[in-house]
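Everything below concerns the one structure shown next.
Throughout, read-outs are computed from the coordinates displayed, never taken from laboratory work. Since we're looking at a predicted model, the values are computed, not measured. Note: ideal-geometry Cβ built from the backbone for every residue, glycine included; neighbour counts use all protein chains shown.
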């Protein structure tokens, strides 16, 4: 295929492009942006950041909310404050965005991928329970992976495509095996589980406002 043909094909494809997400800007966005520019609060802190944190915590039903630069940064910080250390393991679904695995490697830990259920594509709790029973040992409050000999410290459920992970049995397993729960709610903000907003079930919940989410 010649370069000209490739260019024409790309141009044609773009004309028929169906976007994953289209920004919806019909409120006070321009007014608020102008206010930030006029007052000089364009980075890190300011009244809008504080208002966002307060309203986000109220909406989710959590005690606190802290704004971060990105969802990946939130996951990284969550792992750090949870005390996840080098060469430890974090359980997460095999079907996920790359950020949970990246953030885990940022702290020197290792992602431990668990299969997902065929209906909602969340962590398959039955397979997770079988793995914890048969391939791990709980020794003096530390869960050891018999295959890798590493300590497993956390479960990181990723609520994917608007669905919620099955949090009740996940939390029960976490309590039984002394695991921290860090929820990735990047793709399911507003979704509920048993009448309660997801992101409020674990020790920490991480969100993102990236346009495609």
Computed from the beta carbon distance with a Förster radius of 25 Å, FRET efficiency for residue 142 and residue 63 to the nearest 0.05 stands at 0.30
Averaged across orientations, what area in nm² does the convex hull of the alpha carbons in the chain project?
16.9
Mean-square fluctuation check for the chain, GNM, Cα pairs under 10 Å: which of 102, 52, 113 is largest?
52
Once you have the Cα-Cα distance between residue 95 and residue 43, take 0.36 nm times their residue separation minus that, and quote the gain in nm to one decimal.
15.3 nm
Expressed in nanometres to one decimal, the distance between label points 7 Å along Cα→Cβ at residue 115 and residue 86 is 3.5
Counting each DSSP H run of 4 or more residues in the chain as -39500 (n - 2.57), what helix-only mean residue ellipticity at 222 nm follows after dividing by all residues, to the nearest 500 deg cm²/dmol?
-11000 deg cm²/dmol
Pairwise over distinct Cα atoms, reciprocal of the mean inverse distance: report the Kirkwood radius of region 21-103 in Å, one decimal place.
15.8
Grab the eigenvalues of the alpha-carbon gyration tensor for region 28-67, scale each by 5, take roots, and send me the semi-axes largest first in whole angstrom.
23, 11, 5
Name the residues of region 44-82 whose amide N is less than 17 Å from a point 7 angstrom out from the Cα of residue 36 along the C-beta direction?
44-56, 66-71
Calculate how many DSSP beta bridges within region 69-206 are antiparallel, expressed in % of all such bridges and rounded to the nearest 5.
40
Compute the angle between helix 71-81 and the longest alpha-carbon principal axis of the chain, please, reported from 0 to 90 degrees and rounded to the nearest 10.
30
Helix 29-39 sits off the longest principal axis of the Cα atoms of the chain, rounded to the nearest 10 on a 0 to 90 degree scale, by 90
With everything on Cα atoms, drop me the angle between helix 3-15 and the longest principal axis of the chain, reported from 0 to 90° to the nearest 10.
90
At residue 127 and residue 26, where each label point lies 7 Å from the Cα along Cα→Cβ, what is the point-to-point distance in nanometres?
4.2
